[in-house]
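Okay, structure first, notes after.
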Amino acid sequence: MPFRRRAFDAPFTVLVGLALASLGGCTYDEEGPPAAHFEKFAARPPKLDTVTVCHAYGCKAQTRFTFTESDITELRALMARVPRADTPAEERRAIAYAIAWMERRVAPTVGTASDRTSIDLRGSGDSTQLDCVDEATNTTSYLLVLDRHGLLKHHAVERPLAKDSLTRWTHWAAVIREKESSARFAIDSGTGPNGENPTMQAAASFYVPDSYADNAPPEKGLATADANTEEPAQNAGGLTGMLERMQSLGYADSPTSSSR
């Protein structure tokens with residue numbers, strides 16, 4: 001009988017181990033400046049206010065775009081108008097609006113205005129579409145432009161991270177680090193169509209939590225800015241329309257409900 005019991009317990013233990021393993025995930029996360037990320041995907045980092053926008057999945061296509069002096073003025077005004085207090089959390093809220101603005105600003109030139117939500121397997125090689133590598137790389141470039149102009153007071157730009165698990169494929173996101181607390185936040189610009197505010201979430205909780213304790217939801221309040229009439233140049237669209245679409249999709253707070 002003892003032998004039979006051990007024979008039964010062994011495969012049961014293996015099954016439990018496999019089940020627990022499936023709940024965990026891998027993080028391809030090397031902290032530090034983002035230069036290595038650009039090198040990894042053969043993408044050009046920003047030079048002054050000129051960025052190289054990745055598209056067509058995995059940075060297969062790259063298109064240069066220069067933010068003008070007028071663009072920087074618009075971004076400076078936006079970053080000053082969105083925060084309701086001088087805090088890291090409010091700066092992250094402003095960053096979300098700025099990244100969305102920059103996405104919409106470059107879209108007419110790059111041809112990505114019709115970029116669809118998240119990854120679409122039909123989009124590989126399609127120059128109008130972006131995958132998570134493109135999104136993370138572009139968001140990092142936009143963050144570096146904001147930082148170059150002194151618009152990031154509470155945060156530093158870090159190298160993007162990637163996560164996956166046995167049940168979820170690899171997903172990339174841009175990363176910022178809060179200077180005072182060293183807390184790191186993932187910025188995912190692929191949660192909605194082109195130009196909608198990205199998801200902002202504690203890096204440890206993003207996509208595949210690092211542990212059972214890492215369960216912080218995406219940050220809320222992105223829709224309560226008093227700057228939602230900001231409109232990019234070249235008719236790239238206003239933040240008001242973007243805000244309404246975000247609320248209808250559940251990605252942002254509405255006056256009568258909270259964001260998901």
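The values are calculated or read from the model by the stated rules, or taken from the named source; none is laboratory data. The model shown is predicted, which means the values in this text are computed figures rather than measured ones. As a convention, Cβ positions derive from the backbone with ideal geometry for all residues, glycine included, and neighbour counts pool all protein chains shown. Side chains are part of the model used for accessible areas, which takes the heavy atoms of the whole protein and leaves out ligands, DNA and RNA. Shrake-Rupley method; radii C 1.70, N 1.55, O 1.52, S 1.80 Å.
Specify the residue that is surrounded by the fewest Cβ atoms within 10 Å (Cβ to Cβ); the eligible residues are those in the range 98-128 that are touching a Phe, Trp or Tyr at 6+ places or on another chain (Cβ under 7 Å) and modelled with pLDDT under 90.
So the residue we want is G125.
Against the condition within 22 Å of D71 (Cα to Cα) and either open to solvent by less than 20 Å² (accessible area, probe 1.4 Å) or in contact (Cβ under 8 Å) with a residue 12 or more places away in the chain (or both), how does L161 come out, does it pass?
On the way: within 22 Å of D71 (Cα to Cα): no; either open to solvent by less than 20 Å² (accessible area, probe 1.4 Å) or in contact (Cβ under 8 Å) with a residue 12 or more places away in the chain (or both): yes.
So L161 does not fit the description; no.
Residue-by-condition table, conditions (1) at pLDDT 95 or above; (2) open to solvent by less than 20 Å² (accessible area, probe 1.4 Å):
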position: A174; (1), (2): yes, yes
position: S189; (1), (2): no, yes
position: G192; (1), (2): no, yes
position: E196; (1), (2): no, yes
position: A203; (1), (2): no, yes
position: A216; (1), (2): no, no
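Has the range 249-256 got any residue that is touching a helix residue (DSSP H, G or I) at 6+ places or on another chain (Cβ under 7 Å), at pLDDT below 85 and surrounded by 15 or more Cβ atoms within 10 Å (Cβ to Cβ)? Spell out the reasoning first.
As a first pass, look at the range 249-256 and keep what is touching a helix residue (DSSP H, G or I) at 6+ places or on another chain (Cβ under 7 Å): 252, 254.
Filter once more, so that each one left must be at pLDDT below 85: 252, 254.
Still in the running and surrounded by 15 or more Cβ atoms within 10 Å (Cβ to Cβ): 252, 254.
Yes: one or more hits.
Given the conditions (1) modelled with pLDDT of 85 or more; (2) open to solvent by less than 10 Å² (accessible area, probe 1.4 Å), which single one is not true for A227?
Here A227 meets the rest and fails (1).
Table: residues versus (1) in contact (Cβ under 8 Å) with a residue 40 or more places away in the chain; (2) among the aromatic types (F, W, Y); (3) farther than 18 Å from L143 by Cβ; (4) surrounded by fewer than 20 Cβ atoms within 10 Å (Cβ to Cβ).
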{"site": "A36", "(1), (2), (3), (4)": "yes, no, no, yes"}
{"site": "Y57", "(1), (2), (3), (4)": "yes, yes, yes, no"}
{"site": "T68", "(1), (2), (3), (4)": "yes, no, yes, yes"}
{"site": "T87", "(1), (2), (3), (4)": "yes, no, yes, yes"}
{"site": "E90", "(1), (2), (3), (4)": "no, no, no, yes"}
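Pairs please, first residue from the range 193-220 and over 13 Å from Y97 (Cα atoms) and touching a residue at least 60 places away in the same chain (Cβ under 8 Å), second anywhere and assigned to a loop (DSSP other than H, G, I, E, B) and among the hydroxyl-bearing types (S, T, Y), Cβ atoms under 6 Å, 6+ apart in sequence or on different chains.
Here the result reads P193/T117, each pair linking the range 193-220 to a residue that is assigned to a loop (DSSP other than H, G, I, E, B) and among the hydroxyl-bearing types (S, T, Y).
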